[in-house]
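Below is one structure, written out as structure tokens; comments come after it.
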Amino acid sequence: MGSMVRIRLVATPASSPGFGVSGRVICCDSSSGFSKDEAVIGVGTGQVDPILTLPRASLVRSPKLLTLYEAAVLPTTVPQAVCGLAGLECGQTVLIRGADSPVGTVAIQIAKSRGCRVLATGNARRVPMLWDLGADLALAEGTVVSESVHRVFDAGNLPTVHADRMELKTATTLAEQAGLVPFVDRICPPDTLTAGLDHVVWQIGRLDRARG
């Protein structure tokens, strides 16, 4: 069995098997490559607790350009987005439904980084956000899209994908090199977990940062 790392949980978007986490290292052995208080993200299993002990292989360093609240959604959203966009080529058109969701916002940015044309639909109040993310056409959910597309990406109907270490590194690379900014919609902060209220979520909708 590989080395284990103990972290203090900062945020998690879910409390189910294969949940994404972000936190800071409390203790680890020298072979892990981490240092105390270093910011990390990864995938947890089992019970969500304020202190987690996870395999080194399930953790990577958190992207420096993101807060730990933003980074917590990467382990679940990026693998789903990459899976749903698999095979999509430069110049092709994708229709992303539910584009205002955490995985939908990530899918927009990944598709654009591949040179695809993106048509995005979501809640009418969040349409401006979809434009800001780079969608070529952003519409309110329910609007009929007459343009032909090569792929329909339905953010609300995707298989569960658990990130491995390679996918976690892909997530951090996208955040650091492509400027990927996830939309954080639902996050469980550790104080709710400590109180036994893991069903309580903190709404912190993002994307109010200046985008360069």
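Here are a few things to note about the model shown:
This table checks each residue for (1) closer than 20 Å to Gly44 by Cα; (2) assigned by TED's automatic domain parsing to the domain that holds Val40.
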site: Val60; (1), (2): yes, yes
site: Lys64; (1), (2): no, yes
site: Ala81; (1), (2): yes, no
site: Gln92; (1), (2): no, no
site: Ala138; (1), (2): no, no
site: Val144; (1), (2): no, no
site: His150; (1), (2): no, no
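- Condition check for Leu54: assigned to a loop (DSSP other than H, G, I, E, B) and in contact (Cβ under 8 Å) with a residue 12 or more places away in the chain: no
- Taking (1) over 29 Å from Ile110 (Cα atoms); (2) outside the structural domain of Lys169 (by TED's automatic domain parsing) in turn, Gln47 satisfies each apart from (2).
- Of the residues making up region 93-148, those that are in contact with a His (Cβ under 7 Å, 6 or more places away or on another chain) and crowded, with 22+ Cβ neighbours inside 10 Å number 1.
- Residue check, Thr76 assigned to a strand (DSSP E or B), buried (at least 24 other Cβ atoms within 10 Å of the Cβ) and hydroxyl-bearing (Ser, Thr, Tyr): no
- Matching residues, region 128-160, being farther than 21 Å from Ser113 by Cα and among the β-branched types (Val, Ile, Thr): Thr143, Val144, Val145, Thr160
The values are calculated or read from the model by the stated rules, or taken from the named source; none is laboratory data. All values derive from a computational prediction rather than experimental measurement. Note: ideal-geometry Cβ built from the backbone for every residue, glycine included; neighbour counts use all protein chains shown.
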